[in-house]
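Comments concern the structure below.
The values are calculated or read from the model by the stated rules, or taken from the named source; none is laboratory data. Keep in mind it's a predicted model, so treat the numbers as computed, not measured. Don't worry about glycine lacking a Cβ; one is built from the backbone with ideal geometry, like all the others, and counts go over all protein chains shown.
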Amino acid sequence: IVAKCAGFCPGVKRAIDLVLELSEKRKKKIYTLGPLIHNRQVIKTLLAKNIISINRLEEIEEKNAILVIRAHGVSPETEKEMRQKNFEIIDSTCPLVKKVHSNINHWTKKGYTTIIVGDKNHAEVVGLIGWAQKNCFVVSGPAEAEKLPSLDKVNIVAQTTQEEDIFKQTAEIIRQKSKEAVISDTICQPTKDRQRETIKFARDSDLVIVVGGKHSANTQRLYQICARLSPKVLLAETDEEINETALNGAKKIFITAGASTPNWMIEKIVKKTRKLTRKSESFFTQKLAYIWNVIITSSLFTAISAMCLTYICMKFQNFLVDLKFVLLSGLFVGSLHLFNRIEEKGANIPDEVQTMLFAKHKKTAKLAAVVAGTVSILISLSFSFYAFLLTAAFWLAGTFYPYKALKFSKFLNFPASKDIVTSLGWAFVCAGIPAISNNALSYKSTHLAILFAILIVFIRSTLMGISNVHNDMMIGKENFYKAAGPRPTYIIIFLTFIFIETLFVSLMQIGYNKEIIRRVSYSLAYYLGLLLIFIFGKIPRRVLSETAIDFQFLLSWSLLVTL
Ligand code: SF4
């Protein structure tokens with residue numbers, strides 16, 4: 001069993017995305033005071049991108065460097081000291097840690113002594129002490145709380161990754177020792193969820209593998225929780241620590257991970273565990289999985305999806321399906337998708353297919369994208385000069401989009417731009433080009449096809465963004481999910497479904513081809529199901545996610561092709 005909550009917490013993910021985005025957009029050197037997160041493997045990948053961890057501000061030699069405040073946050077004095085130097089300061093303090101800062105600040109100003117339940121040497125706690133203006137005590141648990149003197153007015157807070165039970169017991173002891181006590185449970189929700197899930201599954205397991213940095217406080221805490229509940233616990237930083245002796249014939253294994261553990265490391269450990277417990281796939285399945293990964297990663301499946309959407313739009317428009325339009329859309333979308341994919345970045349380590357396509361054969365991949373794009377533009381020339389100009393303009397805009405340092409790309413990279421531009425691009429080639437070539441731009445059926453394409457691709461693109469976040473890929477505010485946050489994103493996707501279905505119902509009433517509309521409408525139940533899995537279940541790994549998302553187009557096409 002692999003924990004649903006395993007992997008980067010939102011605060012860590014946010015900090016990593018922020019520095020990766022900076023390294024992509026800016027030419028300056030980026031420094032973090034202390035490691036950005038407590039995971040050696042991630043720090044190594046960040047160093048390769050020129051993001052350097054330092055221990056003292058004096059270590060920075062450049063005048064115009066960027067200095068990043070970590071997710072743990074810092075004390076007001078440290079922040080002041082940082083700002084006095086002439087660096088550009090970027091604050092990646094987790095908003096949930098900031099909440100603790102304001103809590104302490106509020107009660108300190110009212111004269112309350114702060115009691116922090118946490119590890120006094122941890123960076124987050126060092127920051128919290130600063131906010132308490134040194135009028136505070138740090139205790140690690142009930143035993144140290146017993147040793148505290150009698151106190152007057154106290155505000156009891158927790159390090160955000162503290163264990164819930166320890167905090168409750170400690171707070172109760174302090175409450176009894178004080179005249180007046182405010183108990184502020186500042187353990188963050190992602191930590192609570194992770195610990196509760198761990199407690200639930202560790203109890204029934206023969207072996208728990210906790211994946212994460214050995215010097216990470218929250219990973220250590222998970223390890224301690226599991227050690228109390230399971231007969232055997234293994235703390236593994238990398239897959240090299242997993243071997244037959246370590247697994248020792250365990251039948252039921254639970255794998256969980258700390259907040260600073262990347263998904264790719266969890267995946268490696270799951271794979272090795274499966275292999276050693278003979279739950280691994282056969283040679284044939286492995287080969288098949290590899291081939292499918294190539295199809296997905298090379299954007300071939302996305303190209304096929306665009307071809308399916310063109311077919312659906314042409315059916316909506318009552319056009320005879322001309323394969324030239326279908327081919328053009330596949331080449332156009334596949335080419336731009338590949339271009340963007342080559343430039344994708346994140347905290348994940350590329351898998352073997354990504355390494356093969358985008359590291360070893362990067363030039364070939366780019367050439368393939370250019371050739372596919374050029375062929376699509378040439379096909380458009382066979383329709384009309386107008387179609388040719390528009391296709392070329394859209395394609396050029398799409399190829400510049402991933403290069404955020406360019407002025408032109410900056411103009412295109414507004415919030416949610418990726419999902420909007422992608423929807424418009426797909427709608428243009430899948431519904432617009434056939435309409436332009438058939439002189440049918442003013443037809444109502446064309447408007448329906450374009451609107452449908454924009455909305456369905458918007459849902460697709462947003463779901464892809466969500467999947468990327470959960471697979472440790474870097475996504476910026478140009479993705480709707482990142483710009484709006486999870487709840488508004490899911491509400492908007494849901495409302496888009498309702499809008500499409502309402503549109504379909506009204507179109508059937510005014511005489512549109514009922515069978516076509518009905519079949520596409522039924523097929524959308526698939527996307528609705530997928531959305532529910534994304535909200536309530538575990539978001540699948542990259543290849544499976546992309547397969548599931550783009551399968552919608554194949555499904556709608558397969559229902560129409562039999563008509
Ligand atoms: Fe933020 Fe919680 Fe993660 Fe700390 S553990 S960075 S408070 S989400």
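Return yes or no: is residue 174 surrounded by 19 or more Cβ atoms within 10 Å (Cβ to Cβ), within 15 Å of the ligand (Cβ to nearest atom), at pLDDT 95 or above and not in a strand (DSSP E or B)? Quick ask: steps written out before the conclusion?
On the way: surrounded by 19 or more Cβ atoms within 10 Å (Cβ to Cβ): yes; within 15 Å of the ligand (Cβ to nearest atom): no; at pLDDT 95 or above: yes; not in a strand (DSSP E or B): yes.
In short, no.
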Got at least one residue in the range 151-161 being crowded, with 23+ Cβ neighbours inside 10 Å, within 23 Å of residue 95 (Cα to Cα), at pLDDT below 95 and in contact with a strand residue (DSSP E or B) (Cβ under 9 Å, 6 or more places away or on another chain)? no
Considering every residue within the range 105-124, establish whether at least one is over 24 Å from residue 22 (Cβ atoms), without any contact (Cβ under 8 Å) to a residue 40 or more places away in the chain, within 16 Å of the ligand (Cβ to nearest atom) and not acidic (Asp, Glu). no
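For the range 8-28, name all the residues that are in a loop (DSSP other than H, G, I, E, B) and within 11 Å of the ligand (Cβ to nearest atom). Show your work before the answer.
Residues of the range 8-28 that are in a loop (DSSP other than H, G, I, E, B), as a first pass: 8-9, 26-28.
Selection gives 8, 9.
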Scope the range 183-229; condition touching a Leu at 6+ places or on another chain (Cβ under 6 Å), within 16 Å of the ligand (Cβ to nearest atom) and in contact (Cβ under 8 Å) with a residue 60 or more places away in the chain; matching residues: 188, 198
Among (1) within 16 Å of the ligand (Cβ to nearest atom); (2) surrounded by 15 or more Cβ atoms within 10 Å (Cβ to Cβ) - the single one residue 51 does not satisfy: (1)
Can you tell me which residue within the range 29-48, out of those that are aliphatic (A, V, I, L, M) and closer than 18 Å to residue 350 by Cα, is farthest from the ligand (Cβ to nearest atom)? 48
Here the residues within the range 142-165 that are within 22 Å of residue 192 (Cα to Cα), in contact (Cβ under 8 Å) with a residue 40 or more places away in the chain and away from the ligand (no atom under 16 Å from the Cβ) are 155, 156
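Looking only at helices (runs of 4 or more DSSP H) that fall completely inside the range 59-138, which ones have 1 or more residues that are surrounded by 21 or more Cβ atoms within 10 Å (Cβ to Cβ)? Even if it seems obvious, please write down each step before you answer.
On the way: elements: 76-84, 95-109, 123-131.
Answer list for the range 59-138: 95-109, 123-131.
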If I go through the range 203-233 residue by residue, how many of them are out of contact with any Phe, Trp or Tyr (no Cβ under 6 Å at 6 or more places or on another chain), among the hydrophobic types (A, V, I, L, M, F, W, C) and crowded, with 22+ Cβ neighbours inside 10 Å? 7
For the range 125-140, which residues satisfy the criterion of being more than 16 Å from residue 184 (Cα to Cα) and within 16 Å of the ligand (Cβ to nearest atom)? 126, 127
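Here is a list: 282, 260. Which entry is among the small types (Gly, Ala, Ser) and closer than 21 Å to residue 6 by Cα? Break it down stepwise before answering.
Working: 282 fails: closer than 21 Å to residue 6 by Cα.
Result: 260 is the single residue among 282, 260 that is among the small types (Gly, Ala, Ser) and closer than 21 Å to residue 6 by Cα.
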Based on what the data block shows, is residue 57 away from the ligand (no atom under 16 Å from the Cβ), more than 18 Å from residue 215 (Cα to Cα), in contact (Cβ under 8 Å) with a residue 40 or more places away in the chain and among the aliphatic types (A, V, I, L, M)? no
